[in-house]
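The structure appears below as structure tokens.
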Amino acid sequence: MASKLQLREQFSACGVPLRVDVYGSEAREHVLDDLTFLNYRLADVVISPDVTVDRPDIVWEMEGPKGVRYDGSTLTFTGDWPAGPLQKAIVTMLTLRLESAGLHPFHSAAVNYRGKTILILGGESNHGKSMGLIEVGVRGGVQVASETSVIDESGVVVKGSVEPFLMKRTVGTERADKAAPNKGVEKFWGSMPTWKITDEPHEIDLVLVPAIDGNFDPSTTELGPFERQFQALHSLQNYLLTNELLAPGHAMPVVDTDERRQRRADFLQDFCKRPFFFVRAATPQVLIDELEKVLDA
């Protein structure tokens, strides 16, 4: 590389490290100025005081034509990139590192309620995860995770994200469809309720796949093995950004492999032996009413 190494920085999620090297002609103190997005997406991300990883997972060459590529081990950015795409790439590459360590980020909330730990899965449609979390909290449940539940091979949530909504978005993460999340809160509760949060590990007892829509009559269906694993795989794949546009004209490279996909599927076969319930409801209150029936059965 003709440009100079300006920064070598190591991020860690749940103790699992990831190294980013930055090259260019100008000094840089950090890869990112704000870790809000990383903590929202991966529960607990910190900058390590020392770099211990022997090779970079991400390289950013700040000069040259804009581009992004993956060679099977390193994701390389070239040119001028805002923080948003870099945040997303760090999440994806940390996810691969976490999987190698036997940890699986699920796009999900998790609650401990009435003696059970319930995973509220984003699944394929992502219709009600956060609203379900809030309503359980209103009823006295304890939050284990909000946006992401990092789950180990035995099905235990070892770390959960804290904030239910991402209130701050940077360039490259704009989403008009995600704007004003508090509007839903105002509609269903008037103002944001408060609830208890725990950082203790919790083993998942059952999984709720919500579908909140004002047109739905309430219904609850226990899912069979295929649908359980189908919905759970969508939740895991969410972090690999296979459907993401990083910038106009630049899609996220595919960083997955057949071997990784098979390991993921093997893990889900065991994890999805737990009961899964698909619940349609018009409001979060009706959603959790249906959950109450499951818990009472």
Collect the residues in the stretch 1-18 that are open to solvent by 20 Å² or more (accessible area, probe 1.4 Å) and within 30 Å of Val157 (Cα to Cα), keeping them in residue-number order.
Cys14, Gly15, Pro17
Any chance you could count how many residues in the stretch 266-282 are more than 18 Å from the chain's Cα centre (by Cα) and open to solvent by less than 40 Å² (accessible area, probe 1.4 Å)?
7
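Every residue, every condition in (1) on the phi > 0 side of the Ramachandran plot; (2) modelled with pLDDT of 95 or more; (3) assigned to a strand (DSSP E or B), yes or no:
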position: Arg8; (1), (2), (3): no, yes, yes
position: Ala27; (1), (2), (3): no, no, no
position: Asp34; (1), (2), (3): no, no, no
position: Leu38; (1), (2), (3): no, no, no
position: Gly64; (1), (2), (3): yes, no, no
Please go through (1) open to solvent by less than 10 Å² (accessible area, probe 1.4 Å); (2) under 27 Å from Phe106 (Cα atoms) for Thr36 and return the number of the only condition it doesn't satisfy.
(1)
Being surrounded by fewer than 23 Cβ atoms within 10 Å (Cβ to Cβ) and within 14 Å of the chain's Cα centre (by Cα) is the filter; apply it to the stretch 123-148 and report the residue that is farthest from Trp195 (Cα to Cα).
Glu124
Single residue of the stretch 19-33 satisfying the filter (of a type outside the set (Lys, Arg) and crowded, with 16+ Cβ neighbours inside 10 Å) that is farthest from Gly64 (Cα to Cα):
Leu32
Step by step: first the residues of the stretch 209-248, then only those that are open to solvent by less than 60 Å² (accessible area, probe 1.4 Å), part of a strand (DSSP E or B) and of a type in the set (A, V, I, L, M), then the one that is modelled with the highest pLDDT. Which residue is that?
Val209
Scope the stretch 106-164; condition closer than 13 Å to Leu42 by Cβ, assigned to a loop (DSSP other than H, G, I, E, B) and not acidic (Asp, Glu); matching residues:
Ser146, Ser161, Val162
Got a sec? Which of Lys159, Lys196, Lys168, Lys183 is at pLDDT 95 or above, loosely packed, with under 12 Cβ neighbours inside 10 Å and not small (Gly, Ala, Ser)?
Lys196
So which residues in the stretch 57-86 are of a type in the set (A, V, I, L, M) and either touching a helix residue (DSSP H, G or I) at 6+ places or on another chain (Cβ under 9 Å) or open to solvent by less than 20 Å² (accessible area, probe 1.4 Å) (or both), if there are any at all?
Ile58, Val59, Val68, Leu75, Ala83, Leu86
Residue in the stretch 41-56 that is free of Cβ contacts under 8 Å to residues at least 40 places away in the same chain, open to solvent by 40 Å² or more (accessible area, probe 1.4 Å) and closer than 18 Å to Thr148 by Cβ present
yes
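The values are calculated or read from the model by the stated rules, or taken from the named source; none is laboratory data. Given the structure is predicted, the values throughout are model-derived calculations rather than measurements. No Cβ is skipped: glycine too gets one built from the backbone with ideal geometry, and neighbour counts run over all protein chains shown. Remember, those area values only see protein heavy atoms, side chains included, never the ligands or the DNA or RNA. Shrake-Rupley method; radii C 1.70, N 1.55, O 1.52, S 1.80 Å.
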